[in-house]
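Okay, so here's the structure we're looking at.
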Amino acid sequence: MARARVKKIGESSLSKFGSTLKSSFKEVWSYGTGKAGLILLIILLAVTIYAAISMPPNYNDLWSNPSYWEEYPQEVPPAWISFFGVKYAKQFMDEMEKPVNITRDPKTLYWTVTYETTYKLDAEDYPQGVLAKVWGIRIFWKQNPENKSEYIPVTPIYEFLIIRPDGVEVRLVRDKISIEGTNITVGTKRVYVDLPLVLRPDNTRLRGVLAVALSKKYNLTIKSSDVENFEMQFLFGQPYEENGTIKTKPLLGDYKIVLKLVYSREAFGLEEAVEKVKFVVKGNAYGISGTDNRGRDLAQGLLYGFPIAMTIGVVTATVTIIIGLMLGVISGYYGGLVDELIQRLVDVMGSIPLLPILILIVNATYSMPNFPHDPIWRLAVILGVLIVFGWGGLAIVVRSMTLSIKEEPYIDAARALGAGNRRIIFKHIIPQLIPYAMASLVFSVPNAILTEAGLSVIGIEHGLPTWGRILADARAQAKLYLWWWIIPPGLLISITSLTFVLLGMAIERIVEPRLRTL
């Protein structure tokens, strides 16, 4: 019987909470600002959840790792600029595991394994760069002729070249695989190189190759100095002479991008000479948000900034409101020495300028030798300072409201019935203050987000990829003229702030204590 009664009470409390929540939702929805705020909040929460689920666990390290972004073009706008008639060289990536051709020289008996793809240049523009990445190159072993008990590696020679639409063949890279100083795993047939082999042209050598090849093809006198700083223009362009100066124009058509691996006669099973080959041509536009100076996809940074921004805003605002609410109630209810201590503490906190003390505390903490240099800990320090200095304003207002509430007749009646201070505070006073606290909470969320963004811009960073850090990087690189780097994070900060402001306006009209009977 007692168990059934407890269950009934629990169900009643849950039902009451659900009914209250539903009623509050309807009230907020009844206002235009509430509708707009709730719709935006649902969108923000959906994107935040998706980003939190899809974010790689080590994304912070990836964001700061230049090699992770080496396949992406640098400082290019979003790809959708093509809708406005802008023509650009497109980004191109092609992966393959099997070669297109395996041949053997009848004289030397050397094997040539060929991987090939085609890039089509169809815009009056020049690509930003070209590279190839190779994983799991096959390496063979043979007996050392001088010492039959030893085996020496047989590594291939690799050639990376481009065959232009005009038939000019440009060798970008030619070298021999070296495994010295490389951690390798030796199997019965295969050796896997831990890191992918990245093939990119050496500009110094490429200048000479282009100057010779194009001079011969177009009957011009092209010097290496003419090609300097314009390697991609000459690689993907047609040279011509104008007023004694060598210039180029884009050479449209199909470019064959080729990787050749040349093995000695001992090689076998070359259908699996490598695990994977990736060819990359860097275009002049990328994705939906473009890239920064390191080639980082800004769309990823903006997406994964959602859960961080929401965490910063909600956690800071929630903890600040709870502290301010509790200390304000204690101060107003107990009075005397307790009230005096809390109010003087509020005065001290209010007289300290937040920004200078925040800079001082954060920098001093970061410089401590035993402080963990983890972005989470750095962010925790910033949030801690914001919380410590953020509860005073709410505590003052809550104190004045508590002074009024505790003089109400039902408080005296509760005391007469034997209710203790704790019960009076949590049962009769705090419920009256919750509406105001909720409105303050909603208004406080954008403040925390804006503060974090502002700190990042002035150089106080925690290391996590946030919208503020994206803006800070643009400022540090003096790239404020790159609109795709500046406007999107600024818009997201503004939209997130607007969401909570709209909700706060709706809640304020519903639960403003001055409009309701306490």
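Only the coordinates and a few stated rules stand behind these numbers; no lab work does. Keep in mind that what you see is a predicted model, and the values were worked out from it rather than measured. Please note: Cβ atoms are built from the backbone with ideal geometry, for glycine as well, and neighbour counts cover all protein chains shown.
Taking neighbour Cβ counts within 10 Å as the exposure measure, how do 373, 428, 462 sort from fewest upward?
Working: 373 8, 428 17, 462 25.
Result, fewest neighbours first: 373, 428, 462.
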(message) Which one, 488, 435, 404, is farthest towards the positive end of the dipole of segment 398-499 when Lys and Arg carry +1 and Asp and Glu -1 on their Cβ?
(response) 404
(message) What percentages make up the Cα-Cα pair-distance distribution of segment 34-156 when the bins are 5 Å wide from 0?
(response) 2, 7, 9, 10, 11, 12, 13, 11, 8, 6, 4, 3, 2, 2, 1, 1, 0
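Just need the relative contact order of segment 331-402 here, percent rounded to a whole number, with Cα pairs under 8 Å and 6+ apart.
With pairs under 8 Å counted, the relative contact order is 49 percent.
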(message) Let me spell out the model: positive unit charges on the Cβ of Lys and Arg, negative unit charges on the Cβ of Asp and Glu, origin at the Cα centre of segment 226-346. What dipole size does that give, in debye rounded to 20?
(response) 140 debye
(message) If I fit a long axis through the Cα atoms of helix 203-218 and take the longest principal axis of the Cα atoms of the chain, what angle between them do I get, 0 to 90°, rounded to 10?
(response) 50 degrees
(message) Taking 22 Å as R0, compute the FRET efficiency from the Cβ-Cβ separation of residue 84 and residue 122 and round it to 0.05.
(response) 0.80
(message) Which residue, 303, 364, 106, has the largest displacement toward the positive end of the dipole of the chain when charges sit on each Cβ (Lys, Arg +1; Asp, Glu -1)?
(response) 303
(message) How are the alpha carbon pair distances in segment 374-435 distributed across 5 Å bins from zero to the largest one, expressed in percent?
(response) 4, 15, 19, 16, 12, 10, 9, 8, 5, 3, 1
(request) Any chance you could give the angle, 0 to 90 degrees and rounded to 10, that helix 483-511 forms with the longest Cα principal axis of the chain? (result) 20 degrees
(message) Taking θ = phi - 60°, what integer Hz values does the Karplus form 6.51 cos²θ - 1.76 cosθ + 1.60 yield along segment 401-410, in sequence order, with x for Gly and Pro?
(response) 5, 5, 4, 6, 5, 5, 8, 5, x, 5
(message) Between (1) 0.99; (2) 1.64; (3) 1.41, which entry matches Cα Rg over 2.2 N^0.38 Å as derived from the coordinates of this structure?
(response) (3)
(request) Using just the helices of the chain, give the 222 nm mean residue ellipticity in deg cm²/dmol: DSSP H runs with n ≥ 4 each add -39,500 (n - 2.57), and the total is spread over all residues, rounded to 500. (result) -16000 deg cm²/dmol
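Could you list 497, 82 in order of exposure, starting from the residue whose Cβ has the fewest other Cβ atoms within 10 Å? Walk me through the intermediate numbers first.
Values: 497 19, 82 13.
Exposure proxy ranking, most exposed first: 82, 497.
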(request) Give the order of 135, 391, 80 when sorted by the count of other beta carbons within 10 angstrom, beginning with the fewest. (result) 80, 135, 391
(message) Using the Cα centre of segment 224-289 as origin and beta-carbon charges of +1 (Lys, Arg) and -1 (Asp, Glu), tell me which of 287, 227, 245 is placed farthest towards the positive end of the dipole.
(response) 287
(request) Taking the chain as the reference, fit the longest principal axis to its C-alpha atoms, fit the long axis of helix 336-351 to the helix C-alpha atoms, and give the angle between the two in degrees, 0 to 90, nearest 10. (result) 30 degrees
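Projected area of segment 409-470, taken from the Cα convex hull and averaged over every viewing direction, in nm²?
Numbers: hull surface 25.1 nm².
Mean shadow area of the hull around the Cα atoms is 6.3 nm².
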